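Chemist: Before anything else, here's the structure in question.
The values are calculated or read from the model by the stated rules, or taken from the named source; none is laboratory data. The structure presented is a predicted model; accordingly, all values stated were derived computationally and were not measured. Here Cβ is always computed from backbone atoms with ideal geometry, including for glycine, and neighbour counts include all displayed protein chains. In case anyone asks, the SASA skips ligands and DNA or RNA and just uses the protein heavy atoms, side chains included. Shrake-Rupley method; radii C 1.70, N 1.55, O 1.52, S 1.80 Å.
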Amino acid sequence: MIKVSPSILSADFVNLERDIRVLAEQGADYVHVDVMDGAFVPNITIGIPVVAAIRRITKLPLDVHLMIERPIRYVEDFCKAGADILTLHVEADTAANTRAALEKIKALGVTPAVSVKPNTRAEAVLPFLDLCGLILVMTVEPGFGGQSFMEDMMPKLRQIRAWIDEKNPCCELEVDGGVNAKTARICRENGANVLVAGSAWFKAADPAAFGRELKA
Ligand code: DX5
Ligand code: ZN
């Protein structure tokens, strides 16, 4: 089953409650929350108190994407704030710390996940695949919404899909960046089952219909 995870980075922050409350009836499966620290990526977004506030207004699973240095420092806080899936970047710390952070997330009853930036090879997820409930392949350079989809990430996506099917078939495979109706199809054909959409979702005249298109 294909799932859609709208990225609230493109929501209207003045009306964040309104924009999030409507997502469930529009057919969203998750709420994608982009956390940026101005160090791992050149942008700063939202943090722990906002995740906790969002938790109070939706029953949809919170798909929290941490684009922060040394995420192990904060994983417990994000789990307690209400994340359901917590994604770390493999580039953000040593392999040992990444593994320790994923174990901590799992022990707190939250789904551990790792993400890879465009220049990171597929192999970088292998040491963590056994622990993860989701792998996120970035199809733009993380940091900003509204960028163009990188189709050259598709061989990486296919390779990771093959490893998931072989080693951890329950693991989900998510793409993030530049997803629209056309690129969603390419992602599905290459093995993704969770599609993040930010600007395309929030710009859509009819987000429910757009969501159905992403899944079609
Ligand atoms: C980028 C973020 C994305 C972003 C996607 O660093 O991780 O989740 O919101 O936005 P679009 O769909 O506009 O590319
Ligand atoms: Zn994201």
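Chemist: Give me the accessible area per residue for region 3-215, probe 1.4 Å, as a whole number in Å².
Modeler: Value for region 3-215: 42 Å² per residue.
Chemist: Using θ = phi - 60° and the Karplus relation 6.51 cos²θ - 1.76 cosθ + 1.60, list the HN-Hα couplings for region 19-24 in order, rounded to whole Hz, with x at every Gly or Pro.
Modeler: Once θ is set to phi - 60°, the couplings for region 19-24 become 5, 7, 4, 7, 4, 4 Hz.
Chemist: Test of understanding: what is the full-extension gain from Ser148 to Arg70, defined as 0.36 nm times their sequence separation minus their Cα-Cα distance?
Modeler: Working it through step by step, the gained length comes to 25.3 nm.
Chemist: By DSSP, what percent of the beta bridges with both residues in region 3-215 are antiparallel, rounded to the nearest 5?
Modeler: Working: 1 of 32 bridges.
In region 3-215, DSSP labels about 5 percent of beta bridges as antiparallel.
Chemist: Select from region 81-139 those trypsin sites (Lys or Arg not before Pro) which occupy a DSSP coil region and have at most 12 other Cβ atoms within 10 Å, ordered by residue number.
Modeler: Loop-located and lightly packed - Arg121.
Chemist: Let me ask something else about it. Could you run the Karplus curve 6.51 cos²θ - 1.76 cosθ + 1.60 with θ = phi - 60° over region 160-167 and give me ³J(HN,Hα) per residue in whole Hz, x for Gly and Pro?
Modeler: My calculation for region 160-167 gives 5, 4, 5, 5, 4, 4, 7, 10 Hz in order.
Chemist: Quick query: amide H of Thr139 versus all other amide H atoms, modeled in the peptide plane; which residues come in under 5 Å with a sequence gap of 5 or more or a different chain?
Modeler: Under 5 Å from the amide H of Thr139 lie the amide H atoms of Asp176, Gly177, each far enough along the sequence or on another chain.
Chemist: Further question: Determine the gain in length on full extension of the stretch Arg212-Ala95; use 0.36 nm per residue of separation and subtract their C-alpha separation, reporting nm with one decimal. Could the numbers behind the result be given before it?
Modeler: Working: separation 117, 0.36 × 117 = 42.12 nm, distance 3.78 nm.
Once the chain is fully extended between Arg212 and Ala95, it gains 38.3 nm.
Chemist: Three principal axis extents, largest first, for the C-alpha atoms of the chain, in Å?
Modeler: Computed over the chain, the largest-to-smallest principal extents equal 44, 37, 31 Å.
Chemist: Carbon-plus-sulfur fraction of the accessible area of region 3-215, 1.4 Å probe, in percent?
Modeler: Taking all protein chains in place, region 3-215 shows 51 percent carbon and sulfur surface.
Chemist: Within the chain, how many Lys pairs that are eight or more residues apart, or on different chains, come under 14 Å at the alpha-carbon?
Modeler: Counting lysine pairs in the chain gives 5.
Chemist: For Phe40, what is the net charge nearby, where nearby means another residue's Cβ is under 15 Å from its Cβ and Lys, Arg count +1, Asp, Glu -1?
Modeler: Net charge around Phe40: -4.
Chemist: With a cap of 16 neighbouring Cβ atoms within 10 Å, and only residues DSSP puts in a loop, list the trypsin sites (Lys or Arg not before Pro) found in region 25-63.
Modeler: Working: sites: Arg55, Arg56, Lys59; in loops: Arg56, Lys59.
Passing sites in region 25-63 are Arg56, Lys59.
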